[in-house]
Amino acid sequence: MKIDLMRIVAISLIVLGALCGTSSAAACTLADYSWVGIAVSAFTIGACLIGLAYMFGNAFGLAELKAWANEEFFQLIMTAVLLALITTGLVSLDTFMGVGANNLSSMVQLGASVGTPSAGTCGLPGLAQDLTSQNLADMTNGIFASAKNLAMEIGKQSSQSGYCSFLGVGYSLTSCSALNAGRGQAANALNASAAAIADYSAQNFLLGIGANLALGLLFPLGIFLRCFHVTRPAGGVILAIALAFYLVLPLAVIFGKSMFDQAYSDMVAKFPAWNPAAVPSVDCNAFGMSEPQVTAPVAGLLNPNFFEPILFKTIIGALFLTTVNIFATLTAIRALAGFFGAEIDVGSLAKIS
């Protein structure tokens, strides 16, 4: 018997909450579970339509309609089982998460980087949104602001010049122009941090879909469409998208954040002088003629202890990890869609081979 590993992973994601949800406290309120009623209502409407089709087939002697209703009845039972499993698993997972991140940290050893969901958030997407918002604020108010101010200061200081006159002979001093050597470093840091802000913002938007639309809209719609043969593949794809955005993307963000924080701590331990907050001084005396007065500001700008941690945080922590998170989500959508009886080639759609 051939075992499909991707289907095993898909089933594991569905029942993850049921296996872990042993706690009693919940951060989510009753209003946060309104999607359960919507999903049950969508299934009930689909079941009623199939029941009406069977009744009409029976009443008017429409054998084909009656046979179609009989066939759909068995698929309806499978949809009901899926609805029960997924609903129980997700509610249990939110209940488990509601006790705080300490239980989750002890399970996956995330450490203090996970933190606790802030007020108003619920479940995994809320926790992942908190982490992404924290990264976005740190990048915007920290690295991007420092790189921007540094680039502006370099331009201001490097444009200074002096003019001297001796015995009627004038000459200009442009020693501050040497600061232009650090302009490329500052521009790289500024561009990388701007791209990181864009990536974090896009990731936060996708997490918002998981928090606000995945269960409230996509999940009930997928359940309803899966009740009928013609729309069953579309329903499977929509269910896969809903679960991937609600479970896989937040989990990828949380695990990625944990691994990056550990890697950054290891790098700081290896290079204790790393300090992205220590903005180099670019004060320049246009009339300074001694070598230290000219080379000291340039040496400060080229100091790798300021720029290397910035590039590490932006390229690895933001650009690379957000790409990995999206790739994991697309892979999960394909696996879950196959489990729900649909096929989707997300690789070609996303231009990922």
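The values are calculated or read from the model by the stated rules, or taken from the named source; none is laboratory data. Predicted, not measured: the structure shown is a model, and the values here were computed from it. When we count neighbours, we look across all protein chains shown, and the Cβ atoms used for this are built from the backbone with ideal geometry, even at glycine.
Here are some notes:
- Only one of the numbered conditions (1) over 30 Å from Thr79 (Cβ atoms); (2) modelled with pLDDT under 85 is violated by Leu321, and that is (2).
- Among the residues of region 314-334, those identified as polar (S, T, N, Q) and within 11 Å of the chain's Cα centre (by Cα) are Thr322, Thr323, Asn325, Thr329.
- Restricting attention to region 60-92 and to residues that are modelled with pLDDT of 85 or more and of a type in the set (Gly, Ala, Ser), the residue that is farthest from the chain's Cα centre (by Cα) turns out to be Ala63.
- Complete set of residues in region 306-321 that are closer than 20 Å to Ala151 by Cβ and either outside any helix (DSSP H, G or I) or of a type in the set (Gly, Ala, Ser) (or both): Ala318
- Flag if Ala186 is more than 30 Å from Gly123 (Cα to Cα) and touching a helix residue (DSSP H, G or I) at 6+ places or on another chain (Cβ under 6 Å): yes
- Remark: pairs (first residue in region 141-162, of a type in the set (Ser, Thr, Tyr); second residue assigned to a loop (DSSP other than H, G, I, E, B) and exposed (fewer than 15 other Cβ atoms within 10 Å of the Cβ); Cβ separation under 6 Å; 6+ apart in sequence or on different chains) = Ser161/Thr174.
- Residue among Val268, Val253, Val248, Val279 that is touching a helix residue (DSSP H, G or I) at 6+ places or on another chain (Cβ under 6 Å), assigned to a helix (DSSP H, G or I), aliphatic (A, V, I, L, M) and more than 17 Å from Ile344 (Cβ to Cβ): Val253
- No other residue among Ala269, Ala263 is surrounded by fewer than 24 Cβ atoms within 10 Å (Cβ to Cβ), more than 18 Å from Glu343 (Cβ to Cβ) and under 21 Å from the mean Cα position of the chain (by Cα) apart from Ala263.
Here's the yes/no breakdown for (1) loosely packed, with under 15 Cβ neighbours inside 10 Å; (2) touching a residue at least 60 places away in the same chain (Cβ under 8 Å); (3) part of a loop (DSSP other than H, G, I, E, B); (4) hydroxyl-bearing (Ser, Thr, Tyr):
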| position | (1), (2), (3), (4) |
| --- | --- |
| Ala39 | no, yes, no, no |
| Phe43 | no, yes, no, no |
| Ala47 | no, yes, no, no |
| Ile50 | no, yes, no, no |
| Asn58 | yes, no, no, no |
| Glu64 | yes, no, no, no |
| Asn70 | yes, no, no, no |
| Thr79 | no, yes, no, yes |
| Ala84 | yes, no, no, no |
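- Residue check, Val253 surrounded by fewer than 22 Cβ atoms within 10 Å (Cβ to Cβ) and either over 20 Å from Leu127 (Cβ atoms) or of a type outside the set (S, T, N, Q) (or both): no
- Residue in region 211-234 that is touching a residue at least 12 places away in the same chain (Cβ under 8 Å), closer than 30 Å to Ala299 by Cα and surrounded by fewer than 17 Cβ atoms within 10 Å (Cβ to Cβ) present: no
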